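The values are calculated or read from the model by the stated rules, or taken from the named source; none is laboratory data. Please read all numbers here as calculations on a predicted model, not as lab measurements. For the accessible areas, the whole protein counts, side chains as well, though only heavy atoms, and no ligand, DNA or RNA atoms are used. Shrake-Rupley method; radii C 1.70, N 1.55, O 1.52, S 1.80 Å.
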Amino acid sequence: MNANQTYIMFNTASVGAAYFMLGLSLWLAPVDLSTKGYWAMGILLLTGSLVNLVKYRTDERLSAEMTAKIEKARNEKLISEYVGKE
């Protein structure tokens, strides 16, 4: 198992433990059921928002990397064509 898989497994376990503890504390909270439901909806919406933010940032970074690769290849081609004409 490589370091990346270990890192992913550790983070998955950490998120699972955090959700378990959050769910347990929500279950044991001394408030009525409607308040627990409101808190649970907030947790789910926050989770969805964080997933979307991370995906957006990752897509943005990958797009910038691809654009940089394309520009580098284009510049190298232009330079090689210019040098080849001499």
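Note on the chain: lysine pairs with Cα distance below 29 Å, sequence gap of 8 or more or different chains, count 7. The accessible surface of the chain, taken with every protein chain in place and a 1.4 Å probe, is 70 percent carbon and sulfur.
A Gaussian network model of the chain, with springs between Cα atoms under 10 Å, assigns the largest mean-square fluctuation among Lys36, Lys55, Lys72 to Lys72. A 1.4 Å probe run over the protein chains yields, for the chain, 91 Å² of accessible area per residue, whole-number rounding. Between the helical axis of 33-85 and the dominant principal axis of the chain, each derived from Cα atoms, what acute angle in degrees is found, rounded to the nearest 10? Here the helix axis deviates by roughly 10 degrees. The Rg/Rh ratio of the chain, with both radii computed over alpha carbons and Rh defined as the Kirkwood radius, is 1.36.
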